[in-house]
Amino acid sequence: MFKEIGRVLKPDGKIIITVPTYSGKTVLDFLAFRLKIINQPEIADHKKYYEKKDFDDLIMKTGLTLLSYQKFQLGLNSLCIVGLNNHS
């Protein structure tokens, strides 16, 4: 996915990505499957959960740069901004 982002992103373009963290998985699973107060199929559809290191590892080989990373909603979600590496 990141290679394709690098291919189509304009030189000054950026992409914003939000995904649940590993802590988010624990909370989402509890809310969906134990308390049954949020949509179970939607939560079951989440295949991956990411932290900063995961983004670093994925982006490192693609010609992209992680411009910004932060957690939000009490650390349950990640927000990262990715752009082209100026050296590529």
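Rolling a 1.4 Å probe across all protein chains gives LYS47 an accessible area of roughly 150 Å². For LEU64, the amide hydrogen comes within under 5 Å of the amide hydrogens of ASN85, counting only partners 5 or more places away or on other chains and with H modelled in the peptide plane.
Given region 1-43 reduced to its alpha-carbon atoms as identical point scatterers, what log10 I(q)/I(0) does the Debye formula return at q = 0.21, 0.22, 0.23 Å⁻¹? For the requested q values the scattering log ratios are -0.69, -0.72, -0.74. What you get for the chain, charging only the Cβ of Lys and Arg (+1) and of Asp and Glu (-1), is a dipole of about 20 debye around the Cα centre. Accessible area per residue (1.4 Å probe, heavy atoms of protein chains only) ranks THR65, THR21 as THR65, THR21, with the largest value leading.
3J(HN,Hα) couplings calculated from phi for region 50-58 with the Karplus curve 6.51 cos²θ - 1.76 cosθ + 1.60 (θ = phi - 60°) are, in sequence order, 10, 10, 4, 4, 4, 5, 4, 5, 6 Hz; Gly and Pro show x.
The values are calculated or read from the model by the stated rules, or taken from the named source; none is laboratory data. Since the model is a prediction, treat every value here as computed from it, not as a measurement. When we count neighbours, we look across all protein chains shown, and the Cβ atoms used for this are built from the backbone with ideal geometry, even at glycine. These accessible areas exclude ligands, DNA and RNA; they are computed on the full protein's heavy atoms, side chains included. Shrake-Rupley method; radii C 1.70, N 1.55, O 1.52, S 1.80 Å.
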